[in-house]
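A short reminder: the numbers here are calculations on the coordinates, not readings from a lab. Computed from a predicted model, the values in this text were never measured in an experiment. Glycine gets a Cβ as well: all are built from the backbone with ideal geometry, and neighbour counts include every protein chain shown.
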Amino acid sequence: GTGSSILSALQDLFSITWLNRSKVEKQLQIFSVLQWVLTFLMLGMAGSIIFMYTFCTDCWLISVLYFTWLVFDWNTPKKGGRRSEWVRNWAVWRYFRDYFPVQLVKTHNLLTTRNYILGSHPHGIMGLGIFCNFGTEATEVSKKFAGIRPYLATLAGNFRMPVLREYLMSGGICPVKRGQVEPRQGHSGQVSQVYAGYLGGAEIQPVSPGLLKVRSPSRKAKIHSILEHGRGDSSPSLSPQELRVFQHIRVPTGTTRREILTPWQSFVCLFNARSDLHMAARNMTQSSYRNPQQSALVGEPITIPKVEQPTQKDIDLYHSMYMEALVKLFDNYKTKFGLPETEVLEVN
């Protein structure tokens, strides 16, 4: 009959390859990651160019009004920004999560009566894991750590760019100066929590088989800041596969080329790494470079008291406690997230 014919036609329609649900979801996942990478690389520059271009056109008043508002709003990022739960819960972030996929693993409870500063290790090239876990609600961070308001800390320079600053603030992302991280005040009994990715380029090193490297020395400056100002407890956060998102170009240590490239290693990795996105651009269904174990582990917090004039002995003590907690976290969970038992965390 007519009814069965229509039903048969609909079934045939939805069996067409381009409407296959799983393939559509894969492509949505690819586009979700692509939009974030393009945002990371281009939104700040594009916003600045548009701002200056508009100033030179008949629409110059728009630029003048935005600049005037920007002057009065300049310090808003330092005060916690304009967080938007709507932006943090966008569906695009769930597709972003599922692309790798990204997971958030809670290994210890965090008290709602304390502030916490988390160090993300290794930093990685773009911090994809830490962004997804703490800059969005894709992995339900606010539910897993109920009563605590998460923030993600990034370089203060990102908040000097038009448009980009608004986008970052809407995700609960705040600026951090070198060696200084300050928790924001919570609301209605909630305690703020700042997540900071320590060290960028220094931890962007080619991944060696059986070895994960973490840079240690300059973290002592951050421990000093936490002790001196009583900014909160410190807890390590580990993303074991962060550096394996990209394929790195290996340059032998001790060579002239290595010495030249070291100061620019962040940019070299960005423009030479053969990433998931490069493969996706060649083949929208390519998945061989996806990483099924892109996870963030939140480790045991270290209680750090306020010491107005911390000695080097105090700094060394809490720094060693922090690094021991990081190594312990790595050893306890490495095999559960795709690393062999023989994998070693090297702190240097």
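Of note:
- Peptide packing for 73-83, 90-100, 53-63, 116-126 was compared via the average number of neighbouring C-beta atoms within 10 Å per residue; ordered from the highest value, the list is 116-126, 90-100, 73-83, 53-63.
- Relative packing of peptides 165-172, 30-37, 42-49 - highest average C-beta neighbours within 10 Å first: 165-172, 30-37, 42-49
- Stretch gain in nm, segment HIS229-LYS313, where the contour uses 0.36 nm per residue and the Cα spacing is subtracted: 28.5 nm
- Checked against a 28 Å cut-off, the cross-linked pairs LYS313/LYS334; LYS106/LYS222; LYS144/LYS334; LYS144/LYS222; LYS78/LYS144 give Cα-Cα distances beyond that limit for LYS313/LYS334.
- From most to least packed by mean Cβ count within 10 Å, the peptides 311-317, 150-156 give 150-156, 311-317.
- At an R0 of 45 angstrom, the distance between the Cβ atoms of ASP98 and PHE55 translates into a FRET efficiency of 0.65.
- Inter-probe distance in nm under a simple model that places probes 7 Å from Cα toward Cβ, at THR68 and THR342: 6.8
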